[in-house]
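Worksheet: the structure to be examined is printed underneath.
What follows is calculated from the coordinates using simple rules that are stated; it is not laboratory data. Since the model is a prediction, treat every value here as computed from it, not as a measurement. Virtual Cβ from ideal backbone geometry, glycine too; neighbours counted across all protein chains shown.
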Amino acid sequence: MNFHTRKWVKPEDLNPNGTLFGGTLLRWIDEEAVIYAIVQLGNPKVVTKFISEINFVSSATLGEIIELGIQATYFGKTSITLTCEVRNKITRKSILTIDKLVFVNLDENGNPVPHGKTEITYAFAGDRP
Ligand SMILES: CC(C)(COP(=O)(O)OP(=O)(O)OC[C@H]1O[C@@H](n2cnc3c(N)ncnc32)[C@H](O)[C@@H]1OP(=O)(O)O)[C@@H](O)C(=O)NCCC(=O)NCCS
């Protein structure tokens, strides 16, 4: 899995309990995942179609550094399916998992169009094992 993006949990990211707000984390994930899909499919017109169950495994707190991991698991005809894990950068403790995020490749009119990809074709610069 590619843990490409790190985030530093700041005061504006917290919920009233003083931990990372779920909506903020989901916004970060959706953006990270769509960038991954755009790069893999080579098309900037890609939209989120489906997100499976979200498991908030543990909370993140102020000042923690977290990292967002995304990996392609299936290439359909017009869609791509990704999986996601968010974890603490230092301890590697899992914060969230999402089994499936499905993105659809669109044409200029906003209709699904085959992307022609069958496997991961682009490794992000700076990827590490
Ligand atoms: C994306 C959109 C154009 C797809 O339209 P659609 O009529 O569902 O298209 P299709 O039925 O041809 O499905 C397209 C692909 O999505 C997949 N798909 C459709 N519904 C799905 C679902 N519920 N779960 C998983 N995959 C799904 C299909 O299997 C197909 O993939 P494939 O070609 O690889 O087999 C349309 O649903 C849409 O505009 N949705 C809103 C997207 C959006 O605004 N996202 C931002 C969220 S705020």
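Dipole of the chain computed with +1 at Lys/Arg Cβ and -1 at Asp/Glu Cβ about the Cα centre; of LEU106, VAL9, GLY116, farthest Cα towards the positive end is VAL9.
A simple count of charges around ILE90, restricted to other residues whose Cβ falls under 11 Å of its Cβ and scoring Lys, Arg +1 and Asp, Glu -1, yields +3. In a DSSP loop and with at most 10 other Cβ atoms within 10 Å, the GluC sites (Glu not before Pro) in region 42-126 are GLU53, GLU108, GLU119. Taken along its three principal axes, the alpha carbon spread of the chain comes to 44, 31, 21 Å, from the longest extent down to the shortest. When the Gaussian network model of the chain links Cα atoms closer than 10 Å, the mean-square fluctuations of ASN15, ASN109, ASN43 top out at ASN109. Excluding same-chain neighbours fewer than eight residues apart, the lysines reachable from LYS89 by a Cα-Cα span under 25 Å are LYS7, LYS10, LYS100.
A simple spin-label model places pseudo-atoms 7 Å from Cα toward Cβ; at ILE120 and ILE38 they are separated by 2.0 nm. Could you check the spin-label model distance between SER58 and MET1? Points 7 Å from the Cα along Cα→Cβ, value in nm. For SER58 paired with MET1, the spin-label model returns 1.4 nm. Summing Cβ point charges (Lys, Arg +1; Asp, Glu -1) relative to the Cα centre of the chain gives a dipole of roughly 240 debye.
Here the sum of -39500 (n - 2.57) over DSSP H runs of 4 or more residues, divided by the residues of the chain, equals -5500 deg cm²/dmol at 222 nm, to the nearest 500. The phi-based Karplus calculation (6.51 cos²θ - 1.76 cosθ + 1.60; θ = phi - 60°) puts the 3J(HN,Hα) values of region 106-118 at 10, 8, 5, 9, x, 9, x, 9, x, 9, x, 9, 10 Hz, whole numbers, x for Gly and Pro.
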